[in-house]
Each structure stands twice: as structure tokens, then as C-alpha cells.
Amino acid sequence: MTFRAIEEVDRYLDTFCTKHTLNDDLCYRVRLVTEELVTNIFKYTEAQTFDLTVRCLEDIEIDLAYLSNSFDLTVRKPEQKDLADIKEGGLGLFLVESMTKTFSYRHHNGKSIYKLTV
Amino acid sequence: MIEIHKEENFFVVLSQRLDAMNADDAKETVTQELVDIDRNIVIDVSGLEYISSAGLQVVLKCAKLAQESHKECFLKGAHGTVKEIFQVSGFLTFLKEME
């Protein structure tokens, strides 16, 4: 399910980037932050589906929502001090926070809703 | 995609995309090929167009395998947004960049 969802997101974002003639760097960022969140949704929540909306305004705005309890994926990665301390996993959200201008989360009407700008 | 060449170093050549779709296979490959190594590892990303956190786990595995064998791990050819990903993730603190 995860791979198929990522493939669908990739196709959707390819079309979006082409339609709005986004440069390679911006397209990379949009793809990365979306892929990281979608991967985490399927890895760490019970959600089977999600709603994705991407808008091209002054910035690229991304809304991602899925049915869930109030579990918040936006937990920061602990500071890495040493190679041996770096645990496998946990980097995805750190990259999302690093590669976005804004990144917010709220829980409303049984949905977890993420809003990002790139 | 991943290729591993044994020369004066082990060259791990990553190309195209390394993401959640193919990272597990790539990680399995390095785990099988880079155990008890007798030379350093050079990760060549000059042909890599996209890497996500899943792909970074493959690089991290290479670095850990090098460390376990008391060898060094180098990064070669990082450019553009791929290089930025290595920078912001902190990987350039333990990967030495090679020209």
C-alpha cells in the first residue's frame, strides 16, 4: 500500500510540477516533504487513505489530511552527536521541517491535518 | 539504483532515485557486500538525482559498516539539492567529502 501510494503521489506531483513549470529544486522539495509525510502516515498510523492538495500560489502550499486519533507526527528528531547514536528512521520529519518554510499540524473532526509551505 | 565496485576502495555508486521504493533493496545489497571490509568506502552520488530519508538510511548503513571495520567512508559528487539534503541531515559531519 505504501509503495503504491508513493507512486501515485509521484505521478500527481510530476503533473503538478510540469503544469506550473516549477524548477528542479522546488520540485524536489515538494516531492520530498510530501513523500516523507505519506511514508510516515502508512508506517506509523492506522490510516489507509489520505487527502492531498497542492496549490501553487506565492509559495507552494501542501495540505495533507487523514483520519486518525490525535497522534502528531511532527516530533523533532533528537540532536545527532555521534554516528553510533543515529537511529535508523526518524530522519524524515527532520527533513520535512528543514525543507519547508512553514509546517503545522492540527487535529480536527477526527482528522490529522498538516499544512506546509515550500 | 546501486552498484558496488571493489577497487582501491569500495565504490558504492548511487544513481537516479534512492527513496522509500528502492532503499530496502539497496540496504540489503550493502549489508551483504560491505561486511568486514579491508578498504575504505567511497559513496559516489554524482549521478543521484533524488534521495529521501529512506535513501539516507542506505548511506548511514555504509558509514556504520565502515566504522565497524575501522575504515573510513567518503562522499563523492554531491551536488545541488542532493548535497543540501546531506548537509541539513547532518551527514556531512561524519562523511568526508571527496573531490
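The values are calculated or read from the model by the stated rules, or taken from the named source; none is laboratory data. Treat the numbers as computed from the prediction; the structure is a model and nothing was measured. FYI the Cβ positions are ideal-geometry reconstructions off the backbone, even for glycines, and counts take in every protein chain you see. Note: areas computed on protein heavy atoms with side chains; ligands, DNA, RNA excluded. Shrake-Rupley method; radii C 1.70, N 1.55, O 1.52, S 1.80 Å.
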- Query: In the range B:13-23, which residues are within 9 Å of residue B:45 (Cβ to Cβ) and either charged (D, E, K, R) or surrounded by 17 or more Cβ atoms within 10 Å (Cβ to Cβ) (or both)?
  - Reply: B:13, B:14, B:18
- Filtered residues of the range B:25-78 (kept if away from chain A (no Cβ under 14 Å), open to solvent by less than 70 Å² (accessible area, probe 1.4 Å) and in contact with a Ser or Thr (Cβ under 7 Å, 6 or more places away or on another chain)): B:37, B:47, B:76, B:77
- Query: Do we find that residue B:94 is open to solvent by 10 Å² or more (accessible area, probe 1.4 Å) and within 8 Å of chain A (Cβ to nearest Cβ) in this structure?
  - Reply: yes
